[in-house]
Amino acid sequence: MSVNLRIYRDVLELSEAAAHVFVEEARRSIDETGRFSVALAGGSTPKRAYEMLATEYGEPKDLDWGRVHAFFGDERTVPPDHEDSNYRMARETLLSRVPVGSVHRMRGELDPREAATLYERELVAFFGGPPVLDLVLLGIGEDGHTASLFPRTPALDTRDRWAVANPVEKLGTTRLTLTVPAINAARMVAFLVAGEGKAEALREILKGNADPRDYPAKLIQPARGPVWIVDEAAAHLLEKPS
């Protein structure tokens, strides 16, 4: 399968492209099914895209926000007002600024296993069965992780759950995350990758032969294939697409 790679000059152009993909997929899903479900990502790159969504597409004439339902790909085990909370970042940049239909956060303040179970139930209740998100936004770390699917962690082997508590020994913590099957079931998955620090991981994920357990983003293979929205700094070790 060929790689759907879209390279932009800088983070600003990348963020504009990501916001456009969000709106395009939302309009399509709303036209087809009456609603749009999206799993939001944390991190600095999505943050810029969320700000653009709120400022450039925040009016009802731009997007029927009441039919948008926000979920999360992962969360740290912290309260929702904590500075490290993915929910807090998304709320401040987007969710408090547009009238979304519903917000489904991972409850990082609870026991991680309880929080994962509750989130899985919430997903199944919303979708009436196995979750099929319309769009999942992801990033990657310099170690090749995505969401909170870190190298050589237990969640990588999970095939019968949609959300789990994933112990991350190297960070000395546990994270909440969607599982590989939950992400791969999505109608569209978009990776947002910026910065020279991600270049080596991006090359390995897209071109290398390393074990996917060492670069978990390799495990993300939805039916349509993921879309890679990257800036030139992150892509500088890749051959440019023809």
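Please name all residue pairs, on different chains or six or more residues apart, with Cβ atoms under 8 Å, provided the first residue is in segment 203-224 and is within 14 Å of Ala182 (Cβ to Cβ) and at pLDDT 95 or above and the second residue is in a loop (DSSP other than H, G, I, E, B) and among the aromatic types (Phe, Trp, Tyr).
Once the first residue is within 14 Å of Ala182 (Cβ to Cβ) and at pLDDT 95 or above and sits in segment 203-224, its partners that are in a loop (DSSP other than H, G, I, E, B) and among the aromatic types (Phe, Trp, Tyr) give Pro216/Phe150.
Please verify whether Ser29 is farther than 18 Å from Trp228 by Cα, touching an Asp or Glu at 6+ places or on another chain (Cβ under 8 Å) and in a strand (DSSP E or B), treating the condition exactly as stated. Reasoning before the result, please.
Numbers: farther than 18 Å from Trp228 by Cα: yes; touching an Asp or Glu at 6+ places or on another chain (Cβ under 8 Å): yes; in a strand (DSSP E or B): no.
Taking the combined requirement at face value, the residue does not satisfy it.
Can you name the residue in segment 84-106 that is touching a helix residue (DSSP H, G or I) at 6+ places or on another chain (Cβ under 7 Å) and in contact (Cβ under 8 Å) with a residue 40 or more places away in the chain and is also surrounded by the fewest Cβ atoms within 10 Å (Cβ to Cβ) among such residues?
Residues of segment 84-106 touching a helix residue (DSSP H, G or I) at 6+ places or on another chain (Cβ under 7 Å): 89-90, 93-94, 97-101, 103-106.
Next, from what is left, pick out any that are in contact (Cβ under 8 Å) with a residue 40 or more places away in the chain: 89-90, 93-94, 97-98, 101, 106.
Working: Met89: 20, Ala90: 21, Thr93: 20, Leu94: 25, Arg97: 16, Val98: 19, Gly101: 14, Met106: 30.
Checked segment 84-106; the qualifying residue surrounded by the fewest Cβ atoms within 10 Å (Cβ to Cβ) is Gly101.
Taking the conditions exactly as written (among the small types (Gly, Ala, Ser), over 24 Å from Glu16 (Cα atoms) and in a loop (DSSP other than H, G, I, E, B)), does Ala223 satisfy them or not?
Spelling it out, Ala223 is indeed among the small types (Gly, Ala, Ser), over 24 Å from Glu16 (Cα atoms) and in a loop (DSSP other than H, G, I, E, B).
What number goes with the only condition from (1) of a type outside the set (Ser, Thr, Tyr); (2) farther than 18 Å from Arg175 by Cα; (3) in contact with a strand residue (DSSP E or B) (Cβ under 9 Å, 6 or more places away or on another chain); (4) crowded, with 22+ Cβ neighbours inside 10 Å that Arg27 does not pass?
Answer for Arg27: the failing condition is (4).
Could you count how many residues in segment 69-106 are touching a strand residue (DSSP E or B) at 6+ places or on another chain (Cβ under 9 Å) and either of a type in the set (Gly, Ala, Ser) or on the phi > 0 side of the Ramachandran plot (or both)?
The total comes to 6.
Suppose we filter segment 111-154 for residues that are crowded, with 16+ Cβ neighbours inside 10 Å, in contact with a Lys or Arg (Cβ under 8 Å, 6 or more places away or on another chain) and at positive phi; how many remain?
Residues flagged as crowded, with 16+ Cβ neighbours inside 10 Å, in contact with a Lys or Arg (Cβ under 8 Å, 6 or more places away or on another chain) and at positive phi within segment 111-154 amount to 1.
Among the residues of segment 102-130 satisfying the criterion of being small (Gly, Ala, Ser) and either in a helix (DSSP H, G or I) or under 19 Å from the mean Cα position of the chain (by Cα) (or both), which is nearest to Trp162 (Cα to Cα)? Can you show your working first?
Start the filter on segment 102-130 by keeping residues that are small (Gly, Ala, Ser), which leaves 102, 108, 115-116, 125, 128-129.
Add one more test, that the residue is either in a helix (DSSP H, G or I) or under 19 Å from the mean Cα position of the chain (by Cα) (or both), and what stays is 102, 108, 115-116, 125.
On the way: Ser102: 19, Gly108: 16, Ala115: 12, Ala116: 9, Ala125: 12 Å.
By that ranking, first place goes to Ala116.
The values are calculated or read from the model by the stated rules, or taken from the named source; none is laboratory data. Quick caveat: nothing in here was measured; it's all calculated off a predicted structure. Heads up, the Cβs are rebuilt from the backbone with ideal geometry, glycines too, and the neighbour counts pull from every protein chain shown.
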